[in-house]
1. So in segment 329-387, with the set limited to residues that are in a loop (DSSP other than H, G, I, E, B), hydroxyl-bearing (Ser, Thr, Tyr) and out of contact with any Leu (no Cβ under 7 Å at 6 or more places or on another chain), which one is surrounded by the fewest Cβ atoms within 10 Å (Cβ to Cβ)?
2. Taking the stated definitions as given, is Ser408 more than 16 Å from Trp52 (Cα to Cα) and within 15 Å of the chain's Cα centre (by Cα)?
3. Looking at Ala264, is it at pLDDT 95 or above, crowded, with 18+ Cβ neighbours inside 10 Å, in contact with a His (Cβ under 8 Å, 6 or more places away or on another chain) and assigned to a strand (DSSP E or B)?
4. Taking Val282 as the residue in question, decide whether it is within 23 Å of the chain's Cα centre (by Cα), in a strand (DSSP E or B) and not charged (D, E, K, R).
5. Pick from segment 176-210 the residues that are basic (Lys, Arg) and in a strand (DSSP E or B): which of them is surrounded by the fewest Cβ atoms within 10 Å (Cβ to Cβ)?
6. Please state which of the following conditions Thr421 fails to meet, knowing it meets all the rest: (1) out of contact with any Phe, Trp or Tyr (no Cβ under 7 Å at 6 or more places or on another chain); (2) crowded, with 23+ Cβ neighbours inside 10 Å; (3) more than 21 Å from Gly286 (Cα to Cα).
7. Go through segment 144-175 and count every residue that is part of a loop (DSSP other than H, G, I, E, B), within 20 Å of the chain's Cα centre (by Cα) and surrounded by fewer than 22 Cβ atoms within 10 Å (Cβ to Cβ).
8. What do you reckon, is Pro116 at pLDDT below 95 and surrounded by fewer than 19 Cβ atoms within 10 Å (Cβ to Cβ)?
Amino acid sequence: MTTVGLCGLVRSGVWWTCFCLLAVVGRAENWPQWRGPRGDGVSVERGLPHSWSREQNVRWRVELPAAGNSTPVIWQNRIFLTQPPTDSKQRGLWCLDAETGATLWSRTVEWSGPDPTHSTNPVCSSSAVTDGEVVIAWFGSAGIHCWDFEGRLLWSRELGIQQHIWGYGASPVIAEGRVYLNFGPGENAALYALDVKTGEVLWQRAEELDRDGTSEAKFQSADYTGSWSTPVIRELAGKTQLLLSVPFRVRSFDPVDGRELWSAEGTNALCYTSPLVHGNTVIAMGGYNGMAVAVRADGSGDVTGSHRVWRHAKTKQRIGSGVVHEGHIYIHNDPGIAECFDAVTGELKWEQRLDGPGGKGTNWSSVTLTGDGLCYSLNQSGDCFVWRATAEGFQQVAVNSLGESSNSSVAVSNGRLYLRTHKALWCIGQ
């Protein structure tokens, strides 16, 4: 901006607005995958809206043809959203303009075979992933598919039948020219690595189905066992590690060849959340009456007895994942209760029930953390809570109701919030 232009803005009385917008844009980043740039729910952006309604701070709202649980991913001016069409035999991917919400293109995949799921988990529940050149979506038994940014299909790969009474939900992840997928749960559950350019399967590691359970399992039936966890990739202990929560344990793999680096027992039969990382420690959390475990990531083989830092034998049910901020874990649990834990010791610092205009809504969303230390979580009643990530006690900033149910999480990009409900995709921005 020229000096003359800046002076003109000052004289016009709008220079402060311009400055604020430039500040936000200067820290803007893409949201290319489930849980953001690093897969941990954390955005560096600051100054995002923390108050809105169905009319206030709404840039646009786009009606969706059917309910869905996935979260939008964003690359610059493009939004990619997996979407179940009204035709039950189709699986869809939408590409929308981030500025206006207009549909740029949509693509569908046909599938007429069995695809069991639960009424609370519609098909197309996995979020897409993009690297800025391609966008990849997994549709369970209907396969994994790759398009370019103009909607041209580049490749498709069938990985077999995915079958579970609660359906699927893990999202693909892209790193170093490979796409990783936690395929499952069910009989064919496995961790896959595919070539991003060709879809060729580079390696796969089957996840053995524990039919008998263990002494710590709540259920003995295979129907009540499985992982919906999305992998997280980190540099830990001098090496790149792919981290994944699976029934009864957390595992670390070499992302190049799929070798297991280490594993530790401590979760339970159902794993919904993605692993969290604090320093050199990995935190994994179970689901129903879940357990939680923290493990040092510098071990080899079975490190249950040598590298477990702390463990919670029983916790509240957790569907959504938490975030780590300044040595503490913040999570919004299924019963609608937010919690703060010390990441080093596992000590509970505080807990708070979050009630909004929609009532005592349960919560499936994962927490999203912004650069100014604000947590966003969207419960099933469509109430989005904004609260501070502080260990000093729960501090609510705002609660905003859209009046539409949701099982999705808040995505952040370019100074805006993107919220997916069962009826619409919302863009919130000042």
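1. Residues of segment 329-387 that are in a loop (DSSP other than H, G, I, E, B), as a first pass: 333-336, 343-347, 354-355, 357-358, 360-367, 370-373, 379-382.
After this cut, where a residue has to be hydroxyl-bearing (Ser, Thr, Tyr) as well, the list is 345, 362, 365-366, 370, 381.
Filter again for out of contact with any Leu (no Cβ under 7 Å at 6 or more places or on another chain), leaving 345, 362, 366, 381.
Working: Thr345: 12, Thr362: 15, Ser366: 29, Ser381: 22.
Filtering segment 329-387 for residues that are in a loop (DSSP other than H, G, I, E, B), hydroxyl-bearing (Ser, Thr, Tyr) and out of contact with any Leu (no Cβ under 7 Å at 6 or more places or on another chain), the one surrounded by the fewest Cβ atoms within 10 Å (Cβ to Cβ) comes out as Thr345.
2. Numbers: more than 16 Å from Trp52 (Cα to Cα): yes; within 15 Å of the chain's Cα centre (by Cα): yes.
Here the answer is yes, as Ser408 does meet what is asked.
3. Working: at pLDDT 95 or above: yes; crowded, with 18+ Cβ neighbours inside 10 Å: yes; in contact with a His (Cβ under 8 Å, 6 or more places away or on another chain): yes; assigned to a strand (DSSP E or B): yes.
Yes; evaluated as a whole, the condition is true for this residue.
4. Values: within 23 Å of the chain's Cα centre (by Cα): yes; in a strand (DSSP E or B): yes; not charged (D, E, K, R): yes.
Answer is yes for this residue.
5. The initial filter retains those residues of segment 176-210 that are basic (Lys, Arg), namely 178, 197, 205.
Subset that is in a strand (DSSP E or B): 178, 205.
On the way: Arg178: 19, Arg205: 15.
Looking at the filtered set, the residue picked out is Arg205.
6. Of (1) out of contact with any Phe, Trp or Tyr (no Cβ under 7 Å at 6 or more places or on another chain); (2) crowded, with 23+ Cβ neighbours inside 10 Å; (3) more than 21 Å from Gly286 (Cα to Cα), only one is false for Thr421: (2).
7. Final tally of qualifying residues: 1.
8. Taking the combined requirement at face value, the residue satisfies it.
The values are calculated or read from the model by the stated rules, or taken from the named source; none is laboratory data. All of these numbers come straight from a predicted model, not from anything done at the bench. Note: ideal-geometry Cβ built from the backbone for every residue, glycine included; neighbour counts use all protein chains shown.
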